[in-house]
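Chemist: Dropping the structure in here first, questions after.
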Amino acid sequence: MTTVLVADDDLDIRELVAFKLAQAGYEVRSAPDGAAALDLARAGGVDIVVLDLMMPGLSGLDVCAELRRQEATADLPVIMLTARAQDQDVASGFAAGADDYVVKPFSPRELVSRVQAVLGRTRP
Amino acid sequence: MTFFAVVVLGLVLVSALVLALAVSIAAVRGLRARREAHRRAVAEPLRPLLLEVAVGEGEDAEAAADTLAALDTAAWRTVEPAVLAVLGKVRGDGQRLLVELLAVRGVITRERGRLHARGAVRRAAAAELLGAAAYAPAVPELAALLHDGDPEVRLVAARALGRAGAPGAVGMDAGDGVGQAASALLAALAGQQPAAPPDVVARSLMLLGAPAAGALRAALGAPSALERLTAAEVLGRLGVAAASRDLEEIVLRDPSDVVRARAATALGRIGAPLAVSALRAATSPTGAAAVRRAAVVALGEVGDPVALRCLWSLLDDGDAHVADGAASALLALGAPGVRVLAEVASQEQDGSPGAVARAHEVVACAVLAEVLPPLLVDEVDRVRRAAATRAAVVSVPGAGPATGAELLGVGA
């Protein structure tokens, strides 16, 4: 089963995303901050990460850049999920290595489609 | 009674009071904790139903919404804060179902009533909720709130209009909610003191998107410079090509330098080739510095080689910002612009020192930063070699630097 790591400091968002992804047949692991997200990603078994941009401590950009730096997680697909929708925010997300960008408030159905699309693009 | 006895009695009384206060605080806290535990005990089992509604897909979501709609009043009270908390976090079917649920439970009607409450905090909270709900039928009331006496309420109303007036808002089918919201937001900028912060208004207008173009174009003719400026900015960011002609008029004729500059920037963002003529005119040496600088950058963004000669002539402009902008704009034009820059950079003997240095710097940086495609790098080398050959034969009668016509690839 494909495993999605969801990192967001907002409990509602974490639960909504997890609920929708579980409905769509994914296994979901959740992290309330950047450090926990990195730990879970490094532990392995994660196929894709849905990452909030603004989290306490390590931001989503930091986590994404760190994932890209480490060999084991360098190719892990990342979707940014964030309320910051300015052009420069989107550009920063992609510059940090994100594969896609979803703006809050988000459509759960669209998020699942993006997860499927990114997995389809990035899987060998 | 002795003085000592009075003091002791006083101390005993104070201690008793402190003790009573501590006991009552603990009791209130205990009651609150108990109430919260009870609320959680009732609300937790209902959480999956709420999530089902919020993801908003299929019959399961509809059934969950029906179940929540049928809760008794006490149970609903425990769930309502959670419903309101997720309301502004989703869009699409989930948002629609949540708003329908709130409407059935009377929350929407209650909050619309609170828009007229005496307390500013209540009015602001109601506007915030209706904005989070993206509830289009409330657009007229939110628009009216832009004239509220309290600045915080006006700010929240401006923000809420961006969501309640947006094309995907709940109940947007009836009437022109987008146009109403856009007109109200723009009108909020009129007068000596804007009713809401211009950046908040601009962000809300951006959320309204292209369907607000009519109101935005109309605002380009408004008496308020701030209104015209904001309209130009948003039209540019939205990329409304249909507004190009209006923006050209603004670039050429608006009485405010700031508005003309913003309209030039907007034309660049839109990338309208037909606007090159107006933008070239705006670079005239007699024009305001802000307008010239914006026009030069916009010429690069439009990317039409028709601007080559104009930008070339600006490489040694007296305003360093304009000259730098011209060099960058030439780079943005691609092959023809790079060819001109490389040629100017090669004219160390004959060219204007400022222009040569500027062109050299821009080309060198572009090559070093590897932003030029290989074909353009080859083009730069070819022009440099040609310039070196010309320099070698410059003593031959009739030989000399390349003419402008040669560089631009047109007949002399």
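The values are calculated or read from the model by the stated rules, or taken from the named source; none is laboratory data. Please read all numbers here as calculations on a predicted model, not as lab measurements. Heads up, the Cβs are rebuilt from the backbone with ideal geometry, glycines too, and the neighbour counts pull from every protein chain shown.
Chemist: Here is a check on your reading of the model: is A:A98 assigned to a loop (DSSP other than H, G, I, E, B) and surrounded by 18 or more Cβ atoms within 10 Å (Cβ to Cβ)?
Modeler: Here the answer is yes, as A:A98 does meet what is asked.
Chemist: Which residue is farthest from the other protein chains (Cβ to nearest Cβ), if the candidates are limited to region B:57-74 and must be outside any helix (DSSP H, G or I) and buried (at least 16 other Cβ atoms within 10 Å of the Cβ)?
Modeler: The selected residue is B:L71.
Chemist: Looking at A:M1, A:M54 in this structure, which one is under 16 Å from A:F106 (Cα atoms) and modelled with pLDDT under 95?
Modeler: On inspection, the qualifying residue turns out to be A:M54.
Chemist: Right, something else. Does B:L101 count as assigned by the TED database to the domain that holds B:E62 and at pLDDT 95 or above?
Modeler: Against the criterion (assigned by the TED database to the domain that holds B:E62 and at pLDDT 95 or above), B:L101 qualifies.
Listed here are the residues, each with its yes/no results for (1) among the hydroxyl-bearing types (S, T, Y); (2) out of contact with any Phe, Trp or Tyr (no Cβ under 8 Å at 6 or more places or on another chain); (3) within 14 Å of chain B (Cβ to nearest Cβ); (4) within 23 Å of A:A18 (Cα to Cα).
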| position | (1), (2), (3), (4) |
| --- | --- |
| A:D62 | no, yes, no, yes |
| A:E66 | no, yes, no, no |
| A:D75 | no, yes, no, yes |
| A:I79 | no, no, no, yes |
| A:F94 | no, no, no, no |
| A:D99 | no, yes, no, yes |
| A:R114 | no, yes, yes, yes |
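Chemist: Kindly indicate the residue of region B:75-125 that is more than 13 Å from chain A (Cβ to nearest Cβ) and among the basic types (K, R) and also nearest to B:E36 (Cα to Cα) among those meeting that condition.
Modeler: The residue in question is B:R77.
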